[in-house]
Structure formats: structure tokens, C-alpha cells
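In what follows, a structure is listed as C-alpha cells, so that the remarks can point back to it.
The values are calculated or read from the model by the stated rules, or taken from the named source; none is laboratory data. These numbers come from a predicted model, not from an experiment. As a convention, Cβ positions derive from the backbone with ideal geometry for all residues, glycine included, and neighbour counts pool all protein chains shown. The accessibility values were calculated without ligands, DNA or RNA, using every heavy atom of the protein model including side chains. Shrake-Rupley method; radii C 1.70, N 1.55, O 1.52, S 1.80 Å.
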Amino acid sequence: MLSRKSLVAPALLLFLPALLAIAAPDESRTRPQIRPTVPTADRTAGNRVFLERADVLRKSESDSFMVLVNDVVFTKGPMIMRCDSAHYYSESGSMDAFGNVSMEQGDTLFVYADELNFDGNTEIATLYADPGKKVRLINRDVQLETDVFIYDLAIDLGYYEVGGRLTDPSNTLTSLKGEYVPSTKEANFYVDVHLNSRNSTDTLDIYSDTLYYNTGTHIAELHSPSRVINSRGVIYTTLGVYDTDSNRTTLYDRSTIVTSGGQTLTADTIFYDRNAGFGEAFGNLEAVDSAHNAAVYGDYGYYDEAADSSFVTGRAILKHFGEADTLYLHARYLQTFRRVDSVHFEADTLAGTEAWTRLDTTHVAVAYPRVRFFRRDMQGVCDSMRFTEADTMLRMYVSPIVWSEDRQIFGNIIELQLNDSTIEQAVLPDQGFTAQHIEADHYNQLSGKKMTAQFENGEMKRLDIDGNVELIMYPEEADSTINKIVNAESSFLTAIFRGRTTELIKMWPQTTGAVTPLFVARKNIYFLPKFKWYEGIRPVDRFDIFVVPPAMEELMQAAGRPLPEINYSIRSSLSAISPVPEAVPETSQPEPEAPTE
């Protein structure tokens, strides 16, 4: 007989599979798919964080956060955030994410880190990298790397304060502090900023403490003392805009450009196109050429490197720093340019050579109109002036006059042979007249068709006159007094001087004239027909070169050189790239014609 106990055991065996099925855990229930925190919420709300999924979710009653493990995904508007694990504060929407942290927005913006702290109230994400690694932000072709990256999702602004590097196809930028806005591609860099061009065929380095940069346009704005270094020189500025693609820059606030050849240009505003080799300067420009001991000043100027030409106007002044003294010269326009001359050589049958032509290049400087210059030992005026580097000859045109101490020279053209701005020879090829003031109404005077004067240490030592010689002299007696006047005419003359004293005068082949005691001399023999003394228009100091006396203006007008109107026709190049200031005064380049020889 079976006991109750023996009957229960088989029954349990019959129901055991069902009991086991009930007691056994359902795998789909132990690893549930985590549902969104607020299932019915609008996921397009950009200020809310939603938990999309995780493999494991744990919550302790003592903790204020949920623990999420494996394949954790959050969303915030269009932003998707992933990590290996996270602590999630559902009430505030804050989180701490760990391991393989990433933030993705569409197919353009990606941020990678090892740890993320997100504050749901401020919408600020702070991302960290493990030692030896970097937080990386990738926005299309732009990459930013740093140890700690702070991203303000509310205003789409990311920044770092522990040093970082931003790289785009054109440049690499490093700094201690930096900001980047992915949506606008604007970046700001502060403290120890360095921009370096990635162009292997170019050289460009910018050093600054405040630099604004756009990764779309590759234009840098400089807002602190900065250096721009390239193969052609260095730019020093405190405010400027530099297009790193076109190599065009606009500089403000008294910037300076120093070329590799030692020339410097400083002005209130400078536009410079490095590729074209063209620059413009506006306002109080100073161009210094140390190689030629010269400097140019003015209100506007430009330089064309391809044409090797320059132009300055607006209270323009040229300074030449000689060994003895400085020459100051003013004209309305100062220009320099390169001239190519063809030199033809005839065939030489004896030497067995054929005819051939050589091209000679020289630099020419031109000043016009109303030229006035001053140096302590020499002063002069004319309407136009041309200096040719090849022969170091300075040519003065239209009523030229030169003074040296108590001597005055004038003619239709004056050619001065210079050595370190010191006159070695003066040639008046078309009518010349020289006068020396003795006292009162008494002047030594010489006139002729062609006149050549030799100088030594700034003093005239020899004078040669060819053709139509006319002379008035006041010979000094032994006691340095004068008591007679000499009037003479001849075809040729040579005179030798020592200071104020005439040591020798030779006239040939025939000489006519007279010697008259002063006490019986009539005043009508005191002066040659062409005598004029222009002391009233002589520059008296370096500031007087800017003053054109009425008598000088009348002289130029009488010579058929009316003062031309200023012609402003060329547009300013400042609009080539966006300037930093809101408004820049419009300035134009005049284009008058240069004088011809």
C-alpha cells in the first residue's frame, strides 16, 4: 500500500516541468530594453536630454542617479551622445559618461573623449581625455584637439583653457586658450597664439595673443601685438586682417612691414597683397630704405613689386641721410620706377664681332611738381626732378635754381652728379648763369651757353663755360676790399676758385671788356642782362620746403608750368578683404603724368 507521501512524489514529478518553467527566469525579462525616460515627450526639444537605450539599468534607493551599462545612447535635439557606461540624473537631465564617449550631430560634427560630465541645467558638457590622449572635435575638414574641452550646447560654443590645437586644410593654430563655434566656423584664440601655414610651398607664421579665425574663409583677425612672418619679411601690427589663402592683408593702428631687404613701411593703414607684390599705405606713411640711406614720408603711397615702382603724395617728403648732413626734398608727387634701356653696339669688322643690343636696367626717381629741397650746404627749387641710379645723375627741369652758401646757379636744365648726395659736378647744358653775392648790389656773375662746375667738399673749385661767355667780376685787393668792376665777353672761360676767392680766370680765344673803378662805375654795368637773384624763394630750413612762395609760383607759371589739379581716379584696395573697423576713409591714388627728359 502506497502511502500519501509515495503518491505525492510522482505527482510532483508530473508537474515539475511546469513549475520549472514558471520559476525559471525569462532572459528577455532579465535584459530588458530601456525605454525613454519620458516616452511621450517631443524629442525635437533641444534643451532636453533623453535616454534612448542601455543594456543594463540599475538604481539604488540611496543613489540619486541611475547606472547605465553597455551601449548607452542619449539624445539632445539633433545631438546623439554615446558611451560605455553612465550615471544618469533623470530629474535634471545631467549625466557622467565613461569610456568611448562620443557626441555626433548629423554627418558633420563629431566629438570624441574618454569622459563626459554634462550639466542638464546649464547645458554645458565637459569632456576629458585619458593621459596620452586628446579630446577631439571634428567638424568636416576641421579638427580641434585638447586635454579638456568644454562645450556649451545651448549656444553651440566649445572652448579650452589648457592648451589646444586647431587644424584645417590651410593652417594649424595653437594657443593656451581657444573658442570654436562649429555652426559658424568661427574660432577665437588667446595667449601664445601661433598660426602656421600647411602649404608646403609657402612660408607663413603668425604670432599673437588674440587672434580671431574663420575655418571657412581662412581669414585671421589680429587684435593684439602680432608678428606675421613670411619669406618676404615681417609684419608688425596690433590690429589687422590677414587672408591666409590669398595672402592679402589690411593693417591698422600704425603697423609696420619690414622686407627681407631691410626696407620698412609704417602707416596708419596698410593694404598688402603678398602674391601680387602690391601694397598701399594710408595716413602718415614712413618708408625707410636703409640700404640707400633714404626715407619717404607722405599721406598716401603704393608699391608695385612686379613693376618695381612706387608712388607717394600728400605732404610728401624725401630724406637722404648723407655723411655730412640730411637732404630734405618735397614735391606734390614722388615716384620711383624701373627703366630698361636698349644699348646698341655696331659691328666691328676688325674684331670680327657683329652688331648686337644689350638691355640695361636702372632705377629712376621722379619728383614733381613744385620741387623744393634743403640741406645746410645746398638748397634748390624746380618744377620737376629726375634721378637715375645708373649714372647717379640728378636732373632738374623748368626754372631750376640751386644755391650753395652765397652762390646761385640757374638755367633751363641743371644736371647734378652726386656722390652720397654730395655734388661732385653741376652741368647746365642749355644756358647757364651763376652769381655770387659780394656785398650790397655787387655780384660776381657768369653766363654762357653751356656751363660745367666741379665741386669738392661742397665748394665749387672749377667752372668751365662753352659759348657766349659774359662776365662781371669784382676782384679783391690785397686788403680784401673791392674797388673796381670787370666786364668781359668771350667764347670760352675757365675759372678756378678757393672758397670765396677767384684764383684764376682764363678766357679765350678773344676777349673784349673793360675794368671800371667803382667810384665812377654806373649802375647799369652792375648786372648782366640775364641776371636775377632769387633769394626770396630759397628754402631757409627743412620746414620751408613745404611753402611755395608766390614768386616761385609766378616763375613756374611764366615757364608754362601751371599747377595741375589733383586727379584721384584709382579705387582703394582696402575692400579686398573685410576690414576690422566698421568704416575706413576712402582714399584714392592720383595719376599725374611724370615729366619727360
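Descriptive notes on the structure:
- Amide H contacts of residue 77 (H built 1.01 Å from N, in plane; Pro and chain starts excluded): 48 sit under 5 Å, all sequence-distant by 5 or more or on other chains.
- For the peptides 379-390, 133-144, the ranking by mean Cβ contacts within 10 Å, running from highest to lowest, is 379-390, 133-144.
- Here the scattering of the chain is modelled by Debye summation over its C-alpha atoms, one equal scatterer each and no solvent; at q = 0.05, 0.07, 0.11 Å⁻¹ the log10 of I(q)/I(0) is -0.46, -0.67, -1.06.
- Gyration tensor (Cα) of the range 422-538, equivalent ellipsoid semi-axes in angstrom: 21, 17, 15
- Taking only the C-alpha atoms of the range 300-450, the Rg (one decimal) and the largest Cα-Cα distance, Dmax (whole number), read 18.8, 66 Å.
- Charge tally in the Cβ shell below 13 Å around residue 563, where Lys, Arg are +1 and Asp, Glu are -1, residue 563 excluded: -1
- Shown is the FRET efficiency for residue 547 and residue 406, computed with R0 = 25 Å from the Cβ-Cβ distance and rounded to the nearest 0.05: 0.65.
- Largest-first principal axis extents of the Cα set of the range 147-287 (Å): 49, 31, 23
- Counted over the range 353-412 with a bin width of 5 Å, the fraction of Cα pairs per bin, in whole percents, is 4, 16, 21, 20, 15, 7, 5, 5, 4, 3, 1.
- The range 373-406 and the range 136-186 have Cα centres spaced 61 Å apart.
- Radius ratio Rg over Rh of the range 209-359, counting only Cα atoms, Kirkwood formula for Rh: 1.16
- With all protein chains in place and ligands, DNA and RNA left out, the 1.4 Å accessible area ranks 403, 356 as 356, 403, largest first.
- Over the range 191-234, the reciprocal of the mean inverse Cα-Cα separation, the Kirkwood hydrodynamic radius, stands at 11.0 Å.
- Taking every alpha-carbon pair under 8 Å whose residues sit at least 6 apart, the range 196-320 reaches a relative contact order of 14 percent.
- Sequence ranges 409-419, 52-62, ranked by mean other-Cβ count within 10 angstrom, highest first: 409-419, 52-62
- Once both labels are positioned 7 Å from their Cα atoms along Cα-to-Cβ, the gap between residue 184 and residue 459 label points is 7.4 nm.
- With N as its number of residues, the range 407-479 has a Cα radius of gyration that, divided by 2.2 N^0.38 Å, comes to 1.15.
- Solvent-accessible surface (1.4 Å probe) assigned to residue 523 amounts to roughly 120 Å².
- More than 20 Å apart - percent of Cα-Cα pairs taken over the range 73-129: 15
- Stretch gain in nm, segment residue 141-residue 71, where the contour uses 0.36 nm per residue and the Cα spacing is subtracted: 22.4 nm
- In a fully extended conformation the segment linking residue 63 and residue 476 would gain 136.8 nm over its present Cα-Cα distance, using 0.36 nm per residue.
- Structural descriptor for the range 78-200: relative contact order 14 percent, calculated from alpha carbon pairs under 8 angstrom and at least 6 residues apart.
- In terms of accessible area, using a 1.4 Å probe and ignoring ligands and nucleic acids, 359, 166 rank largest first as 359, 166.
- Distance between the modelled labels on residue 121 and residue 98, one decimal in nanometres: 2.4 nm (7 Å Cα→Cβ projection).
- Pair residue 130, residue 231: separation of 7 Å Cα→Cβ label points (nm): 4.5
- Ratio Rg/Rh [Cα only; Rh per Kirkwood] for the range 159-216: 0.96
- Kirkwood-type radius of the range 458-527, with distances r between different C-alpha atoms, in Å: 13.1
- Cross-link pairs beyond the 26 Å C-alpha cut-off, checked among 461/530; 319/530; 461/523; 484/506; 59/133; 319/532: 319/530; 461/523; 59/133; 319/532
- Helical content of the chain, expressed as a calculated mean residue ellipticity at 222 nm, amounts to -1500 deg cm²/dmol (DSSP H runs of 4 or more residues, -39,500 (n - 2.57) each, divided by residue number, nearest 500).
- The spacing between the range 195-221 and the range 462-495, judged by their C-alpha centroids, is 72 Å.
- Förster-model FRET efficiency, 22 Å R0, residue 358 and residue 338, C-beta, rounded to 0.05: 0.85
- Net charge in the neighbourhood of residue 369 (other residues with Cβ under 9 Å of its Cβ; Lys, Arg +1, Asp, Glu -1) is +2.
- Each residue of the range 220-234 is assigned a 3J(HN,Hα), and the resulting list reads 10, 10, 9, 10, 7, x, 9, 10, 10, 10, 9, 5, 9, x, 10 Hz, derived from the Karplus form 6.51 cos²θ - 1.76 cosθ + 1.60 (θ = phi - 60°), x at Gly and Pro.
- Derived scalar couplings between HN and Hα for the range 378-388 equal 7, 9, x, 9, 5, 8, 8, 9, 9, 10, 10 Hz in order, rounded to whole Hz, by the Karplus curve 6.51 cos²θ - 1.76 cosθ + 1.60 (θ = phi - 60°), x for Gly and Pro.
- Where a label projected 7 Å from the Cα of residue 53 along Cα→Cβ would reach, residues of the range 59-75 with amide N under 13 Å: 70-75
- The Cβ shell under 11 Å around residue 242 holds other residues with a net charge of -1, Lys and Arg each +1, Asp and Glu each -1.
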